Number of protein chains: 2
Amino acid sequence: MRSDVKSELIRIVGAQRATDRPEDRVAYSYDAYTREHLPDIVLFPLTTREVSAVMKTAFRESVPVTARGSATNLAGEAVPLRGGIVLALSRMDRILSIDAENFRAVVQPGVINHDFQTAVGRLGLLYPPDPSSWMVCSMGGNVCTNAGGPKTVKYGVTRDYLIGLTVVLANGEVLDVRETHFRNGSGYNLTHLFCGSEGTLGIITEITVRLVAKPKATRTLRADFPNLEDSGKAVADIIGSGIVPSALELLDDVVISAVEADAHLGLPPDVEGILLVEVDGEPESLDPQVNRIENVLTANHAVRVIAAKDDAEAQSLWTARRAAFSVMSRLRPTVVMEDATVPVSNLPAMIRKVRESANRHGVRIGVVAHAGDGNLHPLVVFDKRDEEEVERVQRATEEIYREALALGGTLSGEHGIGISKAGLLTLQLDPVAMAVTRAIKQGLDPKGILNPGKFI
Amino acid sequence: MRSDVKSELIRIVGAQRATDRPEDRVAYSYDAYTREHLPDIVLFPLTTREVSAVMKTAFRESVPVTARGSATNLAGEAVPLRGGIVLALSRMDRILSIDAENFRAVVQPGVINHDFQTAVGRLGLLYPPDPSSWMVCSMGGNVCTNAGGPKTVKYGVTRDYLIGLTVVLANGEVLDVRETHFRNGSGYNLTHLFCGSEGTLGIITEITVRLVAKPKATRTLRADFPNLEDSGKAVADIIGSGIVPSALELLDDVVISAVEADAHLGLPPDVEGILLVEVDGEPESLDPQVNRIENVLTANHAVRVIAAKDDAEAQSLWTARRAAFSVMSRLRPTVVMEDATVPVSNLPAMIRKVRESANRHGVRIGVVAHAGDGNLHPLVVFDKRDEEEVERVQRATEEIYREALALGGTLSGEHGIGISKAGLLTLQLDPVAMAVTRAIKQGLDPKGILNPGKFI
C-alpha cells in the first residue's frame, strides 16, 4: 500500500485507531478457520461516516477491504486474502435503541450477541439467533453469515429477524434499507441480499432487528439411542406430530465418547446417538408436549429418556452439546467444524456417509447436528502442519459435501462459504447461478475491492 | 410487434396456446388495479422450456414481457405497460410434489393458493400464507409480490416459506436456486431477491416451499372498542404478553357500518374499531391463552368480547372481515385497496391520519388492518371516470403514504409497488437505494424487457 494512501486512511480514523505494526497485522490476519493472510493496515472506525470515508479512499485507490467483527468465522470470511485494509468493527459496539413496544432494536455491528441477549432479556424480550459462539461473536458477523444456532428449528435464522440495515457501499455511499416488523413489499429485498453476503457487497454499520417476547418456561429432555437411524426417525416424528421444539440437537458416538473421556458427565458408552430436545412457551402447554415427546422417543427405541427437573439439570444436559467443539479440539492440534444441510429425513443416512468417508480416508470426524432442521456439523480433527493428513482431510470433506448435495442438501447451513468452500460453490451453484451472483457482485462492487477472493 | 417475431412466438407454444385476437388482448390488459394497457400477444406456456424459448426470442428482439398469474394484483404489477408479450402462467397449474416427511412441496406458478392449501391440508400440513384473494390467486403471484395474509403475525409472509425457485432469466437462461428447510449459507440469497420483485428480474416457473404441521385447534374472539386508540393498545398488549395470535385483525367504523348496512351481521353501531383475534396450536394450550387475551381486551376497555363456541361461530365472526372489500366495492364504481405499514404502536395514530386525509379531500376511505404487524389497508371508494375525484383520491393517498413513512413505516406491506406506487418509491428509497436497485435490475435484465415501467 502506498504510504500516502496509508497516511490518508490514518487521518480518517486518527492515529489512535489505526495500526500497521507487524504484530497487529498478524493478529488481524486470521479467524477461526485455518488460513491466514496479512493486511497492510488495520483500522478501527467508530461511525458510519468514518467507514464511508475509508471506503471512498479505498474505492479511488482500488484497495481491498475486509470487514471483521469478532472473527469467530469458521469458514475464513474475515481473512484479508488480498491484503489491504482490515476494517475492525469491534469498537462500533453500542446498542443504539431497544423499542420494547414495537419489538425491535438497533445495534452497531460490533455488539456481542450475548451482550445484546442480556440487554433485551432484561426487558422480557428474546433475540433468538444464538450461534454456539454467542458469548463472543458479533451481531455484524451474525448478519454477514446469516448465523443460526440451536433455536433455528423453531425461531429461524438471523435474516428472519433482520428488518433494517445501514450499509456502506464499495464506493463509500451509504445505503439505508429498512422494513417494518415482518412485512415489506417495497422494492427488492436488499436486507436479505446483504445478509449472508460475507462482506462482499458492502460494510454493515447499523442493524435493526425484530425481537419476540421471551418464552415464560422451558423444558429439556435427553434421549439415548443405541441406533442412529432411530434417533433420526424420532426427530422426524416429533416434528411431524405438530410440536415445534425450540431446540432439537443430535450428538453422535464419536462426540459422545470424546466428551465423556474428557468431562465425565456420565454419558452412556453404548449408544450411537443422543438427542437433546427443548420446548419453550406458556408453562401450561409444556407438560403435555413433554409427555408426547417422551412417547415418540420411547416408541423410536430410545433406551433412556431423562427429563430435566429444573434449570440447573437442564443446563447440565446441555453441557455435553456445548463441550463438543472444545473437547474435540483437544484431541488434535487442528479442529475444523464443517457445516452442511440435508432434508431432515436424510440426516441418519448423511451421518453414515460421514462415517464412511472418515474411515475411508483415516480421518477422525465426530458429528453434532441441529437435527430439527437437518443441519450437521462434522467436527474434523487433524494436524494442519501434516500435509499428507491435510490432503486426506480435504478428500474426506469434499466427499461429505458432494454427499450432502446428492442427498438434496446445501453446502452450508450457517457458517457460510468464505475460503473453505469457495472452490466447492460451483458444485451447488450451476453456471447460471454463478453468472447471476457475478452480475450482482459486479453491480455493487465493480472494482472487486470488498473481501476479494471470496464467493467469486 | 413484427409479424415474423409473432409467428416465432406462436410456433414455440403452439397456435392453441397463443392469441392476438383483440378481445383476448383486452382481457389480458388489466389486473385488479385501475390501469390497463394492451399486450401485442398473449402466450400460455406449459413448461420451463417453453418459457425459456419465449424469453430467448424476446431478449433477441427486445420485446417487453409481463408475467401474469391470476391477476388479482392490487397495484398493477400484471399490466403490460409497454405492450409486448403477456406470459399467462395460469396453465402451469400442477402441484409437482408434496414431501410430507420433510415438510416441503414443489408447485408450478399457476397453482391456486386455495387448491394448494387443500392438498397439503389433507396430509395434516399447513402452508400459512393465505392472502385474502386465496380462493383465486396464484402461487407464482404470491411469490412475485411476497404476499402475506391474516396469518402473517404468527407465521410470516411468502418469502418465509420459500426455499427454492426455478427462474427463467431475461436472456432465457434457466436459474435453479434452492435452499434446505430453513437454513442455507451458500451464496447470495437469490430466492429472496426474486421474491417480491414483481416479475422485473425473471419469470418464476417452479416454486419449492416449506410447510408446517397443521395446528390441531383454533379459537376466535371478537372485541368491540368504542375508542380506536384502545384497540391499538390492546394489540400491543396482547403481543407484549408473549402470546402470538395466529391472526389479529382490525376493522374501523367506516368498514363496520358499510358491512352492517349490507350484510346485517349484527355489528355494533357504537364502536370505532373491532378486533378479531385468533389463536391456534395444541388444544390444551388454547383455553389459558383465550382467558389471558380476554383479560387484556377488557382491561383496554372493550365493551364486548365474544368468543366463538365452535368452527361455525368462528366463521361467522370472520365474515365481516372477509366481506370488507366486496361490501366497500359496492358503494362506488371503483375501489382501490391501499397498503402501508407502520410500527404496531403507531397504528391508531395512522388510522387517525387516514381519517383526516379522507375528510380533508372529501374521499370515502375505510380501514382494515393486519393489526398484529402494523399493516393497514385503506379501502378507497370513488369513480375512476371522474377526473376531479381521481385527483382528490390521489392527493389523499399520497398524504397517507407520506404519513406512513413519517411514522416509521413502509409503502407496502404485501401488495407491492407495481404501477400504483412506482412514483412513490423514491419517497421510501433514497437515491443510493434506487442506484442499488438499478444496478441489480441492470445486471439481471440489461435490456429492460421484464415488466418494464415498474420499479425503476
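The values are calculated or read from the model by the stated rules, or taken from the named source; none is laboratory data. Small disclaimer: the values here were computed from a predicted structure and weren't measured. Reconstructed Cβ throughout: ideal geometry from the backbone, glycine too, with neighbour counts over all protein chains shown.
Check A:G140, A:G172 and return the single one that is in a helix (DSSP H, G or I) and out of contact with any Asp or Glu (no Cβ under 8 Å at 6 or more places or on another chain). I'd like the intermediate steps shown before the answer.
On the way: A:G172 fails: in a helix (DSSP H, G or I).
The unique qualifying residue is A:G140.
Restricting to the stretch B:406-432, give me the number of residues that are part of a loop (DSSP other than H, G, I, E, B), facing chain A (nearest Cβ under 8 Å) and buried (at least 20 other Cβ atoms within 10 Å of the Cβ). Before you say what the answer is, go through the steps one by one.
Here is the first cut: in the stretch B:406-432, the residues part of a loop (DSSP other than H, G, I, E, B) are B:407-409, B:411-424, B:429-430.
Subsequent filtering for residues that are facing chain A (nearest Cβ under 8 Å) retains B:408-409, B:411-417, B:421, B:429-430.
Filter once more, keeping what is buried (at least 20 other Cβ atoms within 10 Å of the Cβ): B:409, B:411-417, B:421, B:429.
The number of residues fulfilling the criteria is 10.
Run down A:E387, A:E338 and say which single residue is without any contact (Cβ under 8 Å) to a residue 60 or more places away in the chain and not assigned by TED's automatic domain parsing to the domain that holds A:D130.
On the way: A:E338 fails: without any contact (Cβ under 8 Å) to a residue 60 or more places away in the chain.
Just one listed residue meets the conditions, A:E387.
Could you pull out the residue among A:A53, A:A32, A:A78, A:A88 that is within 30 Å of A:L123 (Cβ to Cβ) and of a type outside the set (K, R)? Steps first, please.
Numbers: A:A53 fails: within 30 Å of A:L123 (Cβ to Cβ); A:A32 fails: within 30 Å of A:L123 (Cβ to Cβ); A:A78 fails: within 30 Å of A:L123 (Cβ to Cβ).
After ruling out the rest, the residue left standing is A:A88.
Just to verify a result, which residue in the stretch A:171-205, among those that are buried (at least 20 other Cβ atoms within 10 Å of the Cβ) and among the small types (G, A, S), is modelled with the highest pLDDT?
A:G202
So for the stretch B:435-442 (the condition being at the interface with chain A (Cβ under 10 Å from one of its Cβ atoms) and in contact (Cβ under 8 Å) with a residue 24 or more places away in the chain), does at least one residue qualify? Can you show your working first?
Residues of the stretch B:435-442 that are at the interface with chain A (Cβ under 10 Å from one of its Cβ atoms), as a first pass: B:435-442.
Filter once more, so that each one left must be in contact (Cβ under 8 Å) with a residue 24 or more places away in the chain: B:440-441.
Yes, there is a match, as at least one residue in the stretch B:435-442 is at the interface with chain A (Cβ under 10 Å from one of its Cβ atoms) and in contact (Cβ under 8 Å) with a residue 24 or more places away in the chain.
Of the conditions (1) at pLDDT 95 or above; (2) out of contact with any helix residue (DSSP H, G or I) (no Cβ under 9 Å at 6 or more places or on another chain), B:G76 satisfies every one except a single condition; which number is it?
Single failed check for B:G76: (1).
For A:E61, are the conditions met, namely being of a type in the set (D, E) and at pLDDT 95 or above?
Numbers: of a type in the set (D, E): yes; at pLDDT 95 or above: yes.
Spelling it out, A:E61 is indeed of a type in the set (D, E) and at pLDDT 95 or above.
Here are some residues: A:S316, A:S246, A:S231. Which one is of a type outside the set (A, V, I, L, M), out of contact with any helix residue (DSSP H, G or I) (no Cβ under 9 Å at 6 or more places or on another chain) and outside the structural domain of A:A369 (by TED's automatic domain parsing)?
Working: A:S246 fails: out of contact with any helix residue (DSSP H, G or I) (no Cβ under 9 Å at 6 or more places or on another chain); A:S231 fails: out of contact with any helix residue (DSSP H, G or I) (no Cβ under 9 Å at 6 or more places or on another chain).
From the options A:S316, A:S246, A:S231, the qualifying one is A:S316.
With the structure loaded, tell me whether A:D253 is free of Cβ contacts under 8 Å to residues at least 40 places away in the same chain and under 25 Å from the mean Cα position of the chain (by Cα) or whether it fails that test.
Working: free of Cβ contacts under 8 Å to residues at least 40 places away in the same chain: yes; under 25 Å from the mean Cα position of the chain (by Cα): yes.
Yes, satisfied.
Please work out which residue is surrounded by the fewest Cβ atoms within 10 Å (Cβ to Cβ), limiting yourself to the stretch A:331-375 and to residues that are within 28 Å of A:T72 (Cβ to Cβ) and of a type in the set (S, T, Y).
For the stretch A:331-375, the residue satisfying everything is A:T334.
Residues of the stretch B:258-302 being more than 22 Å from B:A234 (Cα to Cα), buried (at least 16 other Cβ atoms within 10 Å of the Cβ) and within 28 Å of the chain's Cα centre (by Cα), which ones?
Step one: list which residues in the stretch B:258-302 are more than 22 Å from B:A234 (Cα to Cα), which gives B:258-266, B:282-284.
Within this subset, residues satisfying the condition of being buried (at least 16 other Cβ atoms within 10 Å of the Cβ) are B:258-260, B:282.
Selection gives B:A258, B:V259, B:E260.
Determine, yes or no, whether B:V344 is closer than 21 Å to B:G149 by Cα and at pLDDT 90 or above. Full working, then the answer.
Details: closer than 21 Å to B:G149 by Cα: yes; at pLDDT 90 or above: no.
When the stated conditions are applied, B:V344 does not pass them.
Given B:G448, B:G366, which one is away from every other protein chain (no Cβ under 14 Å), of a type outside the set (A, V, I, L, M, F, W, C) and under 29 Å from A:R438 (Cβ atoms)?
Details: B:G366 fails: under 29 Å from A:R438 (Cβ atoms).
Just a single option satisfies the conditions, and that option is B:G448.
State all residues of the stretch B:314-335 that are touching a residue at least 60 places away in the same chain (Cβ under 8 Å), touching a Lys or Arg at 6+ places or on another chain (Cβ under 8 Å) and in a loop (DSSP other than H, G, I, E, B); if no residue qualifies, say none. So that I can check it myself, show each step before the final result.
We begin by selecting, within the stretch B:314-335, every residue touching a residue at least 60 places away in the same chain (Cβ under 8 Å); these are B:314, B:317-318, B:320-325, B:327-328, B:330-331, B:334.
Remaining after also requiring touching a Lys or Arg at 6+ places or on another chain (Cβ under 8 Å): B:314, B:317, B:331, B:334.
Result: B:L331, single match.
Only strands (runs of 3 or more DSSP E) wholly contained in the stretch A:21-103 count here; list those with 1 or more residues that are within 14 Å of chain B (Cβ to nearest Cβ) and of a type outside the set (S, T, Y). Full working, then the answer.
Details: elements: A:41-43, A:65-68, A:85-88, A:95-99.
Of the strands (runs of 3 or more DSSP E) lying wholly inside the stretch A:21-103, those with at least 1 residues that are within 14 Å of chain B (Cβ to nearest Cβ) and of a type outside the set (S, T, Y) span A:95-99.
Return yes or no: is B:V393 at pLDDT 90 or above, part of a helix (DSSP H, G or I) and not polar (S, T, N, Q)? Don't jump to the end; show me each part of the working.
Working: at pLDDT 90 or above: yes; part of a helix (DSSP H, G or I): yes; not polar (S, T, N, Q): yes.
Judged against the criteria, B:V393 is a match.
Which residue out of A:A105, A:A147 is surrounded by 23 or more Cβ atoms within 10 Å (Cβ to Cβ), touching a helix residue (DSSP H, G or I) at 6+ places or on another chain (Cβ under 7 Å), within 30 Å of A:G242 (Cβ to Cβ) and in contact (Cβ under 8 Å) with a residue 12 or more places away in the chain? Walk me through it before giving the result.
Working: A:A105 fails: within 30 Å of A:G242 (Cβ to Cβ).
Only one candidate passes the filter, namely A:A147.
Residues in the stretch B:99-109: is at least one in contact with a Phe, Trp or Tyr (Cβ under 8 Å, 6 or more places away or on another chain) and basic (K, R)? Give the derivation first.
Filtering the stretch B:99-109 for residues in contact with a Phe, Trp or Tyr (Cβ under 8 Å, 6 or more places away or on another chain) gives B:105, B:107.
Checking which are basic (K, R) leaves us with none.
Scanning the stretch B:99-109 turns up no residue that is in contact with a Phe, Trp or Tyr (Cβ under 8 Å, 6 or more places away or on another chain) and basic (K, R).
When you go through A:T208, A:T218 one by one, which is the residue that is surrounded by fewer than 21 Cβ atoms within 10 Å (Cβ to Cβ) and more than 10 Å from every other protein chain (Cβ to nearest Cβ)?
Working: A:T208 fails: surrounded by fewer than 21 Cβ atoms within 10 Å (Cβ to Cβ).
Unique residue meeting the criteria: A:T218.
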